[in-house]
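Note sheet for the following structure.
Throughout, read-outs are computed from the coordinates displayed, never taken from laboratory work. Just so it is clear, the structure is predicted and the values come from calculations on it, not from any experiment. Here Cβ is always computed from backbone atoms with ideal geometry, including for glycine, and neighbour counts include all displayed protein chains.
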Amino acid sequence: MERYEPLKIEEKWQKIWAENETFRALDLPTAKSNGKAKMFLAEMFPYPSGAGLHVGHVRNFTIVDVLTRFYTQQEMNVLRPFGYDTFGLPAENYAIKTGISPQSATKTNIDNFRKQAKRLGLAIDWSREINTSDPEYYRWTQWCFLQLYKKGLAYRKESYQWWCPKDQTVLANEQVEGGKCWRCGEQVEKKLMKQWFFKITDYADELLEDVDALNWPEKIKTMQKNWIGRSEGAEIAFETGDKSILVFTTRPDTIYGATFLVLAPEHPLVKQIVSDNAKAAVEKYCAEAMKKSEIERQENKEKTGVFTGAYAKNPATGEEIPIWVADYVLSGYGTGAIMAVPSDDERDREFAEKFDLPIIEVIKDNQMVNSGEFTGLPNSEMRERILDWLKEKGYGERKVTYKMRDWLISRQRYWGCPIPIAYDKDGEPHPIPEDQLPVLIPEVADYKPDNTGRSALAKAEDWLKVKVLNEKTGKIEEMTRETDTLDGYACSSWYLWRYASPHDNDHAWDADDIAYWAPTDIYVGGDHAVAHLLYIRFWCKFFADQGYLPFREPVKTLLYNGYINAPDGKKMSKSKGNVIDPLDVINQGYGADTLRTYEMFIGPYDQDAAWDTKAIGGVYRFLNRCWSLTFTDAGVTTGTDTGAIRHKTIKKVTTDLHRRCFNTAVASLMEYVNELYKVGASHEDLTVLAKLLKPFAPHLASEMLEKLGEDDVWPTWDEQHFAEDEVEIMVQVNGKLRGKVSVSAESVEDADLIEKAARADANVAKYLEGGIKKVIKPAKAKLINFVV
RNA sequence: GGCCGGGUGGCGGAAUUGGUAUACGCGUUCGACUUAAAAUCGAAUGGAGUAAUCCAUACGGGUUCAAGUCCCGUCCCGGCUACCA
């Protein structure tokens with residue numbers, strides 16, 4: 001071989017790895033008994049789009065791959081599986097447009113993704129491939145649903161829901177971005193519907209409490225905390241006529257300043273309390289507010305509202321205060337009603353000023369004023385005192401509220417996991433028994449949803465009818481199936497556990513396998529900071545409570561990688577025509593090794609980076625030099641081999657991989673190669689180079705190791721090798737560098753000797769003529785500083 | 001508006017614990033090889049200055065023998081969030 005031919009080398013090794021199933025994880029009795037530590041790594045599995053891999057996938061997968069190979073070379077028991085998140089709208093929209101079934105389009109796309117992933121040389125255990133739309137997989141998604149249903153954590157509720165008129169489906173809160181559908185960008189509206197929910201709020205406290213201990217990026221942890229949004233406060237009842245309005249407040253200490261109440265337009269009591277002459281205006285206001293899209297309600301921060309004509313009694317002051325309706329109070333949070341304290345709340349103040357409502361100061365210089373019997377009390381004590389007082393008088397209670405709502409999971413779509421429920425004649429839901437799973441997705445001729453808001457599943461008339469045991473009557477009855485499917489996030493809420501025993505036909509996951517492999521040690525992704533990453537935590541805690549999992553957090557370490565943008569710094573998109581196709585990069589001759597190494601070198605993995613069409617050439621040159629050193633006589637050494645650079649490089653690359661500094665690890669390999677080019681490379685130098693290079697450029701490194709006749713076991717370093725005879729000491733005067741002196745290695749900490757040597761330096765001496773006030777020789781620093 | 005990041009050469013970025021600022025790569029320039037080009041190899045490369053030296057890590061202060069790193073203030077950029085009572 002005369003020159004570096006990446007495509008040839010890569011084809012060769014990919015074939016070898018496939019034939020030998022090189023990356024197959026050990027099966028259980030063996031894995032458990034060999035005494036090695038386990039390591040379970042995964043990327044967030046991709047949605048296999050028709051466009052194939054993009055450079056973002058490559059970055060994501062390569063991070064996992066570098067770590068997989070690193071830990072494998074360190075002889076751990078490594079599990080690195082792969083899968084596809086295949087349910088979702090693109091396949092369904094494609095089916096509506098072309099008539100090609102989602103099943104068939106998905107298969108095509110997976111085949112393409114697999115082929116492309118293999119061309120990256122990923123160290124994947126292909127025997128564990130999973131696919132969420134495979135009946136053998138979604139059978140267990142349905143089983144998971146039934147477990148939640150049995151415990152009352154899957155329930156139906158009629159409520160206003162985000163509805164996308166274009167996609168004809170309900171959307172969850174986090175699928176609405178700026179008032180628009182996350183998929184198609186259509187403006188969403190609110191619609192009253194009966195929907196399925198998972199009761200994630202039952203776990204709100206634990207999800208919040210356990211966040212802190214996670215080895216996850218602070219950014220993600222903060223986002224999760226904010227999303228859960230725990231507020232401690234009180235619920236207080238305000239009497240109006242024979243009714244009572246419950247409000248939620250985090251500031252019960254300011255109750256003497258509550259000069260009016262505000263109800264959300266959706267609040268059920270509005271209709272009941274409104275006075276006759278206010279009725280028309282209130283009805284008009286509520287109707288308009290509810291019609292308005294949330295985005296309009298948000299954009300227009302100008303306060304609007306209308307007086308109901310009714311009054312309620314402030315339990316603290318005994319005063320009658322007016323009840324208003326305004327859309328700045330949200331129906332979904334707290335009780336959908338507030339006590340307004342314009343003196344201490346910016347929004348209430350704005351409202352009061354606009355509608356000329358009274359404002360009463362209750363806190364002055366941290367002391368309570370105008371607060372009845374509490375006047376004069378320090379504000380810091382007021383909170384607890386008033387809470388006790390409210391409770392004692394029966395007006396209110398301590399209460400914790402969350403911003404997080406229950407997880408809406410029903411989707412009026414065809415291409416999703418069918419919800420395993422059927423309805424009896426009275427419309428009551430019944431679970432499909434576990435032994436009748438999976439509820440298969442029926443074939444239909446037309447994938448369009450019907451205009452009643454039901455998915456295309458409703459068109460499969462035979463499928464709709466099912467005989468199910470009615471657990472109340474004890475009889476098998478003919479029922480009608482649920483036509484909603486599950487949110488795709490449900491399918492991805494348990495897939496990490498399926499990897500432990502992907503072929504288990506009797507369980508979602510095997511108890512022994514899960515106990516050994518899970519939780520996932522390192523999980524890598526660049527998306528889903530709250531949604532997916534919160535849902536897997538929720539399911540983990542739920543299944544732990546049911547005794548199915550021996551741990552309460554699914555992911556120990558989360559690496560959140562940045563995006564790769566186009567060379568112009570903008571997001572890559574087909575419409576802008578600035579997309580870099582990773583397969584093009586490989587095929588034009590760079591090969592997968594260069595692509596992988598470049599994406600690791602591009603910058604810190606957790607930062608966004610712009611693709612640089614030129615810079616990738618530098619990485620290619622680097623790999624080319626590695627090849628040359630090994631396969632031509634360019635690098636054969638004749639010089640003395642102290643091993644200093646070699647051992648320094650082993651240390652640097654190893655510690656950099658532990659702290660996930662992939663870019664500087666590559667940089668130090670480049671320095672190493674540059675040095676070997678200068679001084680020549682020994683067999684040992686080349687062996688170490690190939691071993692350290694293997695996580696990044698596995699094909700080339702394998703080729704090198706084969707030539708060298710060496711294994712790939714991760715090398716260790718010995719500090720003794722990089723102890724130098726002579727050490728250069730920086731000489732500063734008043735903190736400025738004025739000279740350098742060399743001393744023998746054993747004198748590095750000998751301050752007197754160094755001082756003497758430094759003063760002998762002519763340039764330094766010049767600065768010391770005026771006399772020395774102080775000499776500082778910090779330990780562990782090759783530096784001396786004279787203060788003059 | 002709130003919270004969290006960040007601001008270092010022409011560019012991407014290094015600097016792990018307060019101790020040689022600018023590693024590595026790109027680009028640029030020069031040289032070698034070549035009929036020539038590409039590729040490859042070598043050298044130089046923050047700014048000013050003949051030099052000693054001075055000035056440079058967004059800006060202004062501070063702490064320290066010593067600050068890109070710590071503290072205070074200001075400006076700018078990015079992300080998330082957005083009337084959550």
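Over the stretch A:648-788, with a single point scatterer placed on each C-alpha, what log10 of the ratio I(q)/I(0) does the Debye formula yield at q = 0.12, 0.19, 0.20, 0.22 1/Å?
Normalising to I(0) and taking log10 leaves -0.66, -1.00, -1.06, -1.20.
Please compute the length gained on full extension between A:ASP462 and A:VAL787, using 0.36 nm multiplied by the number of residues separating them and subtracting their Cα-Cα distance.
Taking A:ASP462 through A:VAL787 to full extension adds about 107.8 nm, to one decimal.
Sort A:HIS658, A:HIS507 so that the residue with the fewest other Cβ atoms within 10 Å of its own Cβ comes first and the one with the most comes last.
Sorted ascending by nearby Cβ count, the order is A:HIS658, A:HIS507.
Classify the stretch A:227-330 as rounded, prolate or oblate from the Cα gyration tensor: take a ≥ b ≥ c as the square roots of its eigenvalues, call it rounded if a/c is under 1.5, otherwise prolate when a/b beats b/c and oblate if not. Kindly include the intermediate steps, with their values, before the conclusion.
On the way: a/c = 2.03, a/b = 1.14, b/c = 1.79.
Oblate, because a/c is 1.5 or more while a/b does not exceed b/c.
Set the Förster distance to 41 Å, then compute FRET efficiency between A:GLU209 and A:ASN470 from the Cβ-Cβ distance, nearest 0.05.
Using R0 = 41 Å, I get an efficiency of 0.50.
Testing the spin-label approximation: label points 7 Å from Cα along Cα→Cβ at A:LYS556 and A:LYS151. State their distance in nm.
2.4 nm
Viscosity 0.890 mPa s, temperature 25 °C: give me the Stokes-Einstein translational D for the stretch A:534-609 in µm²/s, with Rh taken as the Kirkwood radius over C-alpha pairs.
The estimated diffusion coefficient comes to 156 µm²/s.
Quote to one decimal, in nm, the extra length available between A:LYS12 and A:SER33 on full extension: 0.36 nm per residue of separation minus the C-alpha distance between them.
4.2 nm
Run the dipole for chain A about the Cα centre, Lys and Arg Cβ at +1, Asp and Glu Cβ at -1, nothing else charged, and hand back the magnitude in debye, nearest 20.
1180 debye
Of A:LYS652/A:LYS736; A:LYS157/A:LYS190; A:LYS199/A:LYS459; A:LYS180/A:LYS403, which ones are farther than 23 Å apart at the Cα? Intermediate values should be presented prior to the final figure.
On the way: A:LYS652/A:LYS736 29 Å; A:LYS157/A:LYS190 15 Å; A:LYS199/A:LYS459 30 Å; A:LYS180/A:LYS403 20 Å.
Beyond 23 Å: A:LYS652/A:LYS736; A:LYS199/A:LYS459.
Nearest 5 is fine: what % of DSSP beta bridges in chain A come out antiparallel, could you say?
Working: 71 of 95 bridges.
Looking only at bridges with both residues in chain A, the antiparallel portion is about 75 percent.
Within a Cβ distance under 10 Å of A:LEU28, other residues only, what is the Lys/Arg minus Asp/Glu net charge?
Its environment carries a net charge of -3.
Provide, as a two-decimal number, the C-alpha radius of gyration of the stretch A:35-152 over 2.2 N^0.38 Å, N being how many residues it has. Walk me through the intermediate numbers first.
Details: Rg = 16.7 Å, N = 118, 2.2 N^0.38 = 13.5 Å.
That works out to 1.24 for the stretch A:35-152.
Rounded, prolate or oblate: which one fits the stretch A:90-187, using the alpha carbon gyration tensor with axes a ≥ b ≥ c (rounded when a/c is under 1.5, else prolate when a/b beats b/c, else oblate)?
oblate
Counting other beta carbons within 10 Å of each residue's own, what order do A:VAL733, A:VAL673, A:VAL247 fall into, fewest first?
In increasing order of surrounding Cβ atoms, one gets A:VAL733, A:VAL673, A:VAL247.
Net charge within 10 Å of A:ALA701 by Cβ-Cβ distance, Lys/Arg positive one each and Asp/Glu negative one each, not counting A:ALA701 itself?
Local net charge: -1.
Count the DSSP beta bridges whose two residues both fall in the stretch A:429-566, then state the antiparallel fraction as a percent rounded to the nearest 5.
55 percent
If N is the number of residues in chain A, what value comes out of its Cα radius of gyration divided by 2.2 N^0.38 Å? Each step should come with its number before you reach the end.
Working: Rg = 33.4 Å, N = 788, 2.2 N^0.38 = 27.7 Å.
Its radius of gyration relative to the 2.2 N^0.38 Å reference: 1.20.
Modelled label-to-label distance, A:ARG347 and A:HIS658, 7 Å Cα→beta-carbon offset: nm?
4.9 nm
Just add up the charged neighbours of A:GLY376: K/R +1, D/E -1, any other residue whose Cβ is under 15 Å from the Cβ of A:GLY376.
Residues near A:GLY376 contribute -3 overall.
Can you sort A:LYS774, A:LYS571 by how many other beta carbons sit within 10 Å, fewest first?
A:LYS774, A:LYS571
Using all C-alpha to C-alpha distances in the stretch A:300-352, build P(r) with 5 Å bins and read off the rounded percent in each one.
In whole percents, the pair-distance histogram is 4, 17, 25, 31, 18, 3, 1.
Taking 0.36 nm per intervening residue step and subtracting the Cα-Cα distance, what contour gain separates A:ALA667 from A:THR375 on full extension? Display every interim value, and only then the final one.
Details: separation 292, 0.36 × 292 = 105.12 nm, distance 6.74 nm.
Stretched out fully, the A:ALA667 to A:THR375 stretch lengthens by 98.4 nm.
On a straight-distance basis, which lysines could pair with A:LYS354 in a cross-link, Cα separation under 19 angstrom, same-chain partners fewer than 8 positions away excluded?
Filter leaves A:LYS301, A:LYS303.
Would you please name the chymotrypsin sites (Phe, Trp or Tyr not before Pro) within the stretch A:128-233 that are DSSP coil residues with at most 16 other C-beta atoms within 10 Å of their C-beta?
Passing sites in the stretch A:128-233 are A:TRP182.
Starting from the 7 Å offset along Cα-to-Cβ, what nm value, one decimal, do you get for the label separation of A:ALA745 and A:ILE100?
My value for the distance between the label points is 6.5 nm.
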